[in-house]
1. Please determine whether any residue of region 53-60 is surrounded by 10 or more Cβ atoms within 10 Å (Cβ to Cβ) and over 37 Å from the mean Cα position of the chain (by Cα).
2. Do we find a residue being loosely packed, with under 10 Cβ neighbours inside 10 Å, in a loop (DSSP other than H, G, I, E, B) and at pLDDT below 95 anywhere in region 63-70?
3. Need pairs with beta-carbon distance below 6 Å; first residue of a type in the set (A, V, I, L, M, F, W, C) and within region 58-77, second not in a helix (DSSP H, G or I); sequence gap 6+ or separate chains.
4. Condition first: modelled with pLDDT of 95 or more, in a helix (DSSP H, G or I) and more than 32 Å from the chain's Cα centre (by Cα). Can you find one or more residues in region 12-29 that meet it?
5. Taking region 71-106 as the search range and keeping residues that are at pLDDT below 85 and of a type in the set (S, T, N, Q), which one is nearest to Gln24 (Cα to Cα)?
6. Among the residues of region 1-28, write down those that are surrounded by 10 or more Cβ atoms within 10 Å (Cβ to Cβ) and free of Cβ contacts under 8 Å to residues at least 12 places away in the same chain.
7. Quickly run through region 121-150 and pick out the residues that are assigned to a loop (DSSP other than H, G, I, E, B) and modelled with pLDDT of 80 or more.
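The values are calculated or read from the model by the stated rules, or taken from the named source; none is laboratory data. Predicted, not measured: the structure shown is a model, and the values here were computed from it. Positions of Cβ are backbone-derived with ideal geometry, glycine not excepted, and every protein chain shown enters the neighbour counts.
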Amino acid sequence: MQQFIVPQFIDVEDKIFGPVTTRQFLILLVTGMIIFLFYRFADFTLFVILTLLLGGFSLILAFAKINGQHFHYVLLNIFESLKKPSLRVWQKSYSKKELKFFMSLGMEEKEEIVEVIKPAKRRHIRDLSLLVNTGGYYHETHNGSDSASQ
């Protein structure tokens, strides 16, 4: 029999150097380039403010985890739930005209069909269980001895 190697630790990201992963390195690299552009094209106070804001956000984005999930997944889940909430609330804001229309729909008389349920006989239940247990090979026989055992 051929053996297969099962991969383990598939949720561990590859480390580039030290504890920094590829994803974290790319986030910090892009942030560094943007901060360099701020340094080149903005005055010093704007540069400091933008660096603190963007640098703090990128550090949180790169290193923070909430309940074992990376922070960018948490942000995506927040935006998705804001866009399409899972809780649906019924608002009772119908006009009188709509209420009268809904009430007229329910005025139709409906005939109720009552099904008569026959109680199952013991012999019938036994035959069904034998049919299921034998995989369909059992066929019921109607002998007079079966009715005597009931």
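1. Applying the first criterion (surrounded by 10 or more Cβ atoms within 10 Å (Cβ to Cβ)) to region 53-60 yields 53-60.
From what's left, over 37 Å from the mean Cα position of the chain (by Cα): none.
The answer is no, given that none of the residues of region 53-60 is surrounded by 10 or more Cβ atoms within 10 Å (Cβ to Cβ) and over 37 Å from the mean Cα position of the chain (by Cα).
2. There is at least one residue in region 63-70 that is loosely packed, with under 10 Cβ neighbours inside 10 Å, in a loop (DSSP other than H, G, I, E, B) and at pLDDT below 95.
3. From region 58-77, the pairs are Phe71/Ala64; Val74/Ile66.
4. Within region 12-29, one or more residues are modelled with pLDDT of 95 or more, in a helix (DSSP H, G or I) and more than 32 Å from the chain's Cα centre (by Cα).
5. Only one residue fits best here, namely Ser86.
6. Within region 1-28, Glu13, Lys15, Ile16, Val20, Thr21, Thr22, Phe25, Leu26 meet the criteria.
7. Lys121, Thr134, Gly135, listed by residue number.
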